[in-house]
């Protein structure tokens, strides 16, 4: 049958589609390490993530989590830093190490056929990194230099301050870097953190790409034969110590022409029943380019190039934050307009057409995520690390499709009370 190209194909809303998250396999390596792997994609490439409880939550010395992650490629007993980087370059591979609030992730991207050559080097890094003193000193100098540059930027200071106000400066989610803390960091702090938090007895491994039993075997041959040490990670408990004063105006540059605005409140993480509905409300409010905040404060008022609100759901709590930069002469007007948009969502029902656009945006994002092996792997990784299963994904889809304007209004009245928000304006 010949397609008549004069006739436009039918257009379907994303809410009309069915969404199925491809299944992930779970196996245990010979020594008990959990491996979650996914066969998807058509290119002979693979991503492997080693996820450790090695974020700021587990620090016993300030700045040690980021330093350990940054120095993990700085050399082992067998490989120098230069040899590690040359091997990655030779095989066209990429190895990244990042530390966040709760966890640290080591991520390898490579062609599938190069796994036998690269995995032994990763084993060395995760079991025998030596953290040379000279590399630590270089890291500290660079980190301090970057910090001093960033502290001249109003948006950087505002990001530091809003988290500290919401959680307290001693809480891992409110803690921020200081020059004296970086200077005080010792090699023994890094080695101790590495031995305790990068213990392979605590790791979860995720692998995705055009892979199968052969690649699982290669991974098992390299990691499954290791003798694991007893797990030593102890999880400290931290009390949230929010600031008493909620509104703060900070002068960071007397000659600055731009002001950074951060308005935020504590908000539950993914385990709370209000979280997924709030994803919908937050998207409508300020979570994408067509949001209320963008339409008002960028398009209508012209106060900013961009304004967004975002949810930060960490394992031990979360927050909702509005962030933008405006001219210093209009910062207070912009703040007032943000609260005005909150008030409108509390007083008036969202329009059905507007809500449909938001639903299509969220569900369209899911369609994109389900199109590639690495994005599918990342979605599964988030689900598993938060202690969920595929029912969490299915329930989210259901909420995205069926939530009503009345439900969003009830949610807005619950979480858009200005008295619950902290304000930081830095100029």
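The values are calculated or read from the model by the stated rules, or taken from the named source; none is laboratory data. No experiment lies behind these values; they were computed from the predicted model shown. Using ideal geometry, Cβ is built from the backbone for each residue, glycine included, and neighbour counts are taken over all protein chains shown.
Out of 251, 242, which single residue is closer than 23 Å to residue 156 by Cβ and within 27 Å of the chain's Cα centre (by Cα)?
From the options 251, 242, the qualifying one is 242.
Quick test for you: out of 288, 308, 339, 303, pick the one residue that is at pLDDT 95 or above, closer than 24 Å to residue 251 by Cα and under 18 Å from the mean Cα position of the chain (by Cα).
308
Each row is one residue, and each column tells you yes or no for (1) at pLDDT 95 or above; (2) under 19 Å from the mean Cα position of the chain (by Cα); (3) on the phi < 0 side of the Ramachandran plot.
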{"position": "160", "(1), (2), (3)": "yes, yes, yes"}
{"position": "164", "(1), (2), (3)": "yes, yes, yes"}
{"position": "173", "(1), (2), (3)": "yes, yes, yes"}
{"position": "192", "(1), (2), (3)": "yes, no, yes"}
{"position": "209", "(1), (2), (3)": "yes, no, no"}
{"position": "213", "(1), (2), (3)": "yes, no, yes"}
{"position": "217", "(1), (2), (3)": "yes, no, yes"}
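Going through 98, 77 one at a time, which residue ends up being in contact with a strand residue (DSSP E or B) (Cβ under 7 Å, 6 or more places away or on another chain) and without any contact (Cβ under 8 Å) to a residue 60 or more places away in the chain?
Just a single option satisfies the conditions, and that option is 98.
Report, by residue number, each residue of the stretch 102-115 that is surrounded by fewer than 19 Cβ atoms within 10 Å (Cβ to Cβ) and touching a strand residue (DSSP E or B) at 6+ places or on another chain (Cβ under 7 Å).
Those that are surrounded by fewer than 19 Cβ atoms within 10 Å (Cβ to Cβ) and touching a strand residue (DSSP E or B) at 6+ places or on another chain (Cβ under 7 Å): 107, 109, 111, 112.
Using the structure shown, decide if residue 255 is out of contact with any strand residue (DSSP E or B) (no Cβ under 9 Å at 6 or more places or on another chain), outside the structural domain of residue 154 (by TED's automatic domain parsing), free of Cβ contacts under 8 Å to residues at least 12 places away in the same chain and farther than 22 Å from residue 53 by Cβ.
Yes.
Scanning the stretch 176-197 for residues that are within 30 Å of residue 268 (Cβ to Cβ) and in contact with a helix residue (DSSP H, G or I) (Cβ under 6 Å, 6 or more places away or on another chain), which turns out surrounded by the most Cβ atoms within 10 Å (Cβ to Cβ)?
Per the stated criteria, the residue is 197.
If residue 125 meets every condition in (1) crowded, with 19+ Cβ neighbours inside 10 Å; (2) in contact with a helix residue (DSSP H, G or I) (Cβ under 7 Å, 6 or more places away or on another chain) apart from one, which number is that one?
Exception for residue 125: condition (2).
Taking only the stretch 22-58 into account, find how many residues are more than 30 Å from residue 181 (Cα to Cα) and either in contact with a strand residue (DSSP E or B) (Cβ under 9 Å, 6 or more places away or on another chain) or at pLDDT below 95 (or both).
Summing the residues that are more than 30 Å from residue 181 (Cα to Cα) and either in contact with a strand residue (DSSP E or B) (Cβ under 9 Å, 6 or more places away or on another chain) or at pLDDT below 95 (or both) in the stretch 22-58 gives 24.
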